[in-house]
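Below is one structure, written out as structure tokens; the observations come after it.
The numbers here are math on the coordinates, done by the rules we state, and not lab data. Keep in mind the model is a prediction, meaning the values are calculated, not measured. As a convention, Cβ positions derive from the backbone with ideal geometry for all residues, glycine included, and neighbour counts pool all protein chains shown.
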Amino acid sequence: MNCFLHGNSSAVAVCKTCGKGVCSVCAIDKGVAVTCSDTCANEAAVLHEMNQRGKKIYGLTGAKSSLPSGVIVWTLFCLFFIGLQYSGTLRTTRSSPSSSDLGCFAA
């Protein structure tokens, strides 16, 4: 693969954002990504920050953390609907149970 700007130079990296081959003259190393331009460097920095936040939210960083917030939210969501079910809000109402509802306890 050759550099997208200098066609006679071999590419030493691929731009993290746009995927173009870059030579050692064109390459911009931002520490987290190699890019071809300042525009791509800014976008790569934003993407890196988003990835870091996602890892932190889901507990994928090496740091010891409490439960990920996504797990807590879904647990509370499920408990809410289980509570509605047991409180009778989601149940259909009947005036009296039929004999088929009583199963083996029917006389």
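Worth pointing out:
- A cut-off under 14 angstrom between Cβ atoms defines the neighbours of Ala44, and their net charge, with Lys, Arg +1 and Asp, Glu -1, is -1.
- Sites Thr61 and Ser37, calculated FRET efficiency, Cβ-Cβ separation with R0 25 Å, nearest 0.05: 0.25
- Interchain or long-range residues, amide H under 5 Å from Val34's placed H: Lys16
- Dividing the C-alpha radius of gyration of region 1-57 by 2.2 N^0.38 Å, with N its residue count, gives 1.22.
- Under 14 Å, Cβ to Cβ, from Ala13 - net charge with Lys/Arg +1 and Asp/Glu -1: +2
- Rounded to the nearest 0.05, the FRET efficiency derived from the C-beta distance between Val46 and Val73 at R0 = 25 Å is 0.50.
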